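Heads up: the structure comes next, in structure tokens.
The values are calculated or read from the model by the stated rules, or taken from the named source; none is laboratory data. Since this is a predicted model, take the numbers as computed values, not measurements. Note: ideal-geometry Cβ built from the backbone for every residue, glycine included; neighbour counts use all protein chains shown.
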Amino acid sequence: MTIPFFDVGWKAVNVQYRLTDPPAGVGKYRFTHGLPTPLFLTNPYDKPAGPTLLVEGAKKAIVCFDNIDDLNIVAIPSKAPPARILESLSECDPIYIALDPDAYVANGGKPAVNRVVAKLGRERCRIVKLPCKADDLFTRHGGTAADMNEFIYQGLPV
């Protein structure tokens with residue numbers, strides 16, 4: 001599977017590849033070598049602004065975009081994205097952060113979500129605690145837009 005990444009104005013900036021059988025210890029997602037890792041925009045017509053849902057992974061953003069109408073939805077490529085990716089969210093407020101469950105676990109230090117919040121600015125962030133990964137809410141558990149919105153709007157200020 002390949003997922004194209006576009007910047008504002010539909011400028012193609014990278015492609016992500018989903019490896020079907022990666023070697024042990026190697027992640028299953030890879031970007032085109034030599035190109036910067038981008039933010040995934042579900043609406044590349046405009047720069048992200050206003051209320052925004054931030055998820056981890058393009059597939060999750062796509063599934064959420066197919067089910068939710070009233071938010072900008074973007075995805076970071078991992079729970080530890082480069083600062084330059086998060087800087088592109090400067091006009092987003094509030095930012096509802098719904099990362100994968102492992103981002104909320106301290107792994108030899110602070111949880112990854114804390115580092116994301118610190119880079120974005122605490123005053124703009126709301127932590128969304130999902131019972132599963134964002135896309136699984138819809139695809140595996142039959143969740144609806146109303147279910148997801150309930151989790152989102154219960155997002156806790158940091």
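Could you tell me which residue of the range 19-54 is modelled with the highest pLDDT, considering only residues that are loosely packed, with under 14 Cβ neighbours inside 10 Å and part of a strand (DSSP E or B)?
Within the range 19-54, the match that is modelled with the highest pLDDT is Gly50.
Does Pro131 meet the test of being free of Cβ contacts under 8 Å to residues at least 24 places away in the same chain and either closer than 26 Å to Ala146 by Cα or buried (at least 17 other Cβ atoms within 10 Å of the Cβ) (or both)?
In short, yes.
Which of the numbered conditions does Pro131 fail, given that it passes all the others? Conditions: (1) over 29 Å from Asn14 (Cα atoms); (2) not in a loop (DSSP other than H, G, I, E, B).
Among (1) over 29 Å from Asn14 (Cα atoms); (2) not in a loop (DSSP other than H, G, I, E, B), Pro131 violates only (2).
Can you report the number of residues in the range 91-122 which are out of contact with any Lys or Arg (no Cβ under 9 Å at 6 or more places or on another chain), outside any helix (DSSP H, G or I) and closer than 19 Å to Ala49 by Cβ?
So the answer is 1.
Return a yes/no flag: does the range 134-157 have any residue that is at pLDDT below 95 and in a strand (DSSP E or B).
Scanning the range 134-157, I find at least one residue that is at pLDDT below 95 and in a strand (DSSP E or B), so the answer is yes.
Can we say Glu91 is at negative phi and either surrounded by fewer than 20 Cβ atoms within 10 Å (Cβ to Cβ) or over 14 Å from the mean Cα position of the chain (by Cα) (or both)?
yes
Kindly indicate whether any position in the range 60-77 is surrounded by fewer than 14 Cβ atoms within 10 Å (Cβ to Cβ), more than 25 Å from Val15 (Cβ to Cβ) and not charged (D, E, K, R).
no
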